[in-house]
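This report refers to the structure that appears directly beneath it.
Just so it is clear, none of the values below were taken in a lab; they were calculated from the coordinates. Everything quoted here is computed from the prediction, not taken from an experiment. Neighbour counts are summed over all protein chains in view; Cβ atoms, including those assigned to glycine, are modelled from backbone coordinates with ideal geometry.
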Amino acid sequence: MKPPQGVSTFKLFSGACLAFLAVFLLAVILSVCVFLNPSTLAAAFLSDEVAFAVALTLLTATTATLLALAVSIPAAYVLSRARFRGRDLVDALINIPIALPPVALGTALLIFFTNTPVGVFIDSSIVKFVFEVPGIILAQFVVVSVLAVRLMKPVFDGIDPRYEKIARTLGHGELDSFLRVTLPMAKNGIFGAAALAWTRAMGEFGATVTLAGATRFKTETLSIAMFLNLSVANLEKAMAVVVILLAITISVLLISRKIVYWGVLPS
Amino acid sequence: MGGLAILKVSDLSAKFGSFALNRISFEVASGHCLALVGPNGSGKTSLLECVAGIRQIESGGIEINGLEVTGLPPEKRCIGYVPQDCLLFPHLTADQNISFALKNNGSDTSGRVKQMMEWLGISHLTGRHIGNLSGGEKQKLALARALIMRPSVLLLDEPFSAVDRASRTRLLGELQKTLDEVRRTLGLASIYVTHDLAEAQLMGRTVAIMNSGHVEEVGPWDRVLQTPSSTFVADFMGFNILDGHVTSVEDGLAVVEVCGQSIRGVAGSLTPSEDVIVAVSPHAISLSLERDIRKPSWRHCQCNVFEGSITVIRKTGSVAQVSIDVGFPLNLEVSLDLLDELNLAIGSRIFAQFRASEVSFLP
């Protein structure tokens, strides 16, 4: 079959690949929705367990994302700008949490807090992470902070460092130049990375379940609620949780894209 | 250089990877502009960045108004810097770009910004986003941003490198007028970086020529054009460079043989039998259809006259680059009017004339 006039075979093939992915994902999502009948979904929405999971997930994901941003923005900036010995090693180390299965990451965190003197001291005297809510935040933080660094480094790479140098000659110090020039110029990229990191934190499961455990009405985030309901064969409720998670993440991603597109972020 | 030196650079050396700036010294007086020229990669921008404090230096010193600023960060040096591509902040409007430099200057900020924009004739840009500005508007805005903090030194790095040739001539005229006023009013010293000699002559009374990280020559244009100090400078200025051999020195004049022809010039310290480089500016050569000296003012001078034929005529705008074979190649620039008046074409027989005092001998 000949492609329509003005459209190359390559473009047609690329479009077909994109269409395949979009249709495949949509089909998977729709299959979950079709599986549920409205009354089951409504019952699940109104249950105390789901309400608790939604609240806990929003709280932990938001806290973890904010903490991750506080660390990732300067880290990504340094990784982009600074040239130092061992930079490649640091760059590779930052990739480890992305490369490792989340369960392995959670296991490593669990071992650190239960089997090392420093970890045990922190867990017993400063903040209790193991099988507690702070453990959820920590697990999400570890997963999303490196993701945020990876997403934000190219943003800083794309900003000419000479802008900061010009700001310096105009009477602004190093930090002031970063805050008043680089950060506002990177705002869209940072916002996009934050939105993606937040949705990733919302769905985090492997590291969370290993470090914080899966205790109903205690460490029960949406993904853990789904796991707990699946483990007792309550498929309807598990799928209702999936729908809620999907609705929240898709809404956030769409809204964040619109915000960046409209350019409504403050300078 | 006359007047009080506002900017003094002494023995400045710096290293950036495999490139280095070596022992650079010069001064720029109040109200003066130094044209910094040199081929691409000669270190002009690196030198400006060292003066601005953006790059670290290894040794040497930088003084502004008699104060040592070598160890000071860029924000403490009081230097206005207009980079090659203006680098206006894209997240700020035109007036916000200017007021950016006034963070600690209190409540009169908007008044000063307005005044500066009026002075440079860019008031209409208030509130405009910089993405919608023309090359000339951007360049004036970058200048306003650099000047608003009342610097002692202004550094301009090829401000027209991204502007098309037609706009460039107009903008150059506008900038020259503005800078003259700025220098007169604020008494600041400025450095204007370019690789275009015509632009450099227009902007600065003094010139520094850079080559591979060092300054080959610093001085007033007249002197540099009259007596270039090195073969590189002569070559960069577009001089005709010829290898010669001194055959005689008499009454202060040296006769140098070049490809079987004799060129006379001021002997200086030359001695017979010495090998020299002969440099003749293309602007010092006059053309005539006869052997007799064409310019009346030259008739009582010692002149060199060579007969030859035109080998190349390259017309660019209102002038033409002409190459003549007189036994050795001579390149010069003539107006199209003269080309028509003498009815010159490739192969035409012509006499090239230049005064002995215009001949430079380089070791």
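If we count every other residue with Cβ under 14 angstrom of B:Val224's Cβ, Lys/Arg +1 and Asp/Glu -1, where does the sum land?
Charge balance near B:Val224 sits at -3.
Evaluated at 25 °C with a viscosity of 0.890 mPa s, what Stokes-Einstein diffusion coefficient in µm²/s does the range A:154-214 have when Rh comes from the Kirkwood expression over alpha-carbon pairs?
177
If you stretched the chain out fully between B:Arg165 and B:Ile313, how much longer would it get, using 0.36 nm times the residue separation minus the C-alpha to C-alpha distance?
Once the chain is fully extended between B:Arg165 and B:Ile313, it gains 51.1 nm.
Report the net charge of residues surrounding B:Met117, where surrounding means a beta-carbon distance below 10 angstrom and charges are Lys +1, Arg +1, Asp -1, Glu -1.
Surrounding charge for B:Met117 is +1.
Starting from the Cα of A:Phe13, step 7 Å along the direction of its Cβ; do the same at B:Ser230; then give the gap between the two resulting points in nm.
5.6
Taking 8 Å as the Cα distance limit and 6 or more residues as the minimum spacing, I'd like the relative contact order of the range B:5-231 as a percentage.
Dividing the mean separation by the residue count of the range B:5-231 yields 31 percent.
Give me the net charge of A:Pro134's neighbourhood, meaning all other residues with Cβ under 11 Å from the Cβ of A:Pro134; Lys, Arg count +1, Asp, Glu -1.
Neighbourhood net charge equals -1.
At 7 Å along Cα-to-Cβ for each site, give me the label-to-label distance between B:His124 and A:Lys218 in nm.
With each label point 7 Å from Cα toward Cβ, the separation is 7.3 nm.
If you stretched the chain out fully between A:Ala247 and A:Gln5, how much longer would it get, using 0.36 nm times the residue separation minus the C-alpha to C-alpha distance?
Length difference between fully extended and current span is 83.2 nm.
Given a Förster radius of 35 Å and the C-beta distance between A:Val71 and A:Ile29 as r, what FRET efficiency does 1/(1 + (r/R0)^6) yield to the nearest 0.05?
It comes out at approximately 0.60.
Could you tell me the calculated FRET efficiency between B:Thr247 and B:Arg184, based on Cβ-Cβ distance and R0 = 41 angstrom, to the nearest 0.05?
Here the calculated transfer efficiency is 0.20.
Restricting to DSSP loop positions (anything but H, G, I, E, B) with no more than 15 other Cβ atoms inside 10 Å of their own Cβ, which trypsin sites (Lys or Arg not before Pro) remain in the range A:206-267?
Listed in order of number, the matching sites are A:Arg216, A:Lys218.
Applying the Karplus parametrisation 6.51 cos²θ - 1.76 cosθ + 1.60 with θ = phi - 60° to the phi angles of the range B:317-326, what ³J(HN,Hα) value in whole Hz is obtained for each residue in order, glycine and proline being reported as x?
Along the range B:317-326, the couplings run x, 8, 10, 9, 8, 10, 10, 10, 9, 10 Hz.
Given the pairs A:Lys165/B:Lys15; A:Lys153/B:Lys8; A:Lys128/A:Lys153; A:Lys165/A:Lys258; A:Lys187/A:Lys218; B:Lys177/B:Lys295, which are separated by over 30 angstrom at their Cα positions?
With Cα atoms farther than 30 Å apart: A:Lys153/B:Lys8; A:Lys128/A:Lys153; A:Lys165/A:Lys258; A:Lys187/A:Lys218; B:Lys177/B:Lys295.
For the range A:1-101, which trypsin sites (Lys or Arg not before Pro) are both in a DSSP coil and crowded by at most 13 other Cβ atoms within 10 Å?
A:Arg83, A:Arg85
Straight-line reach only, C-alpha to C-alpha below 17 angstrom: list the lysines that A:Lys11 could link to, leaving out same-chain residues fewer than 8 apart.
A:Lys2
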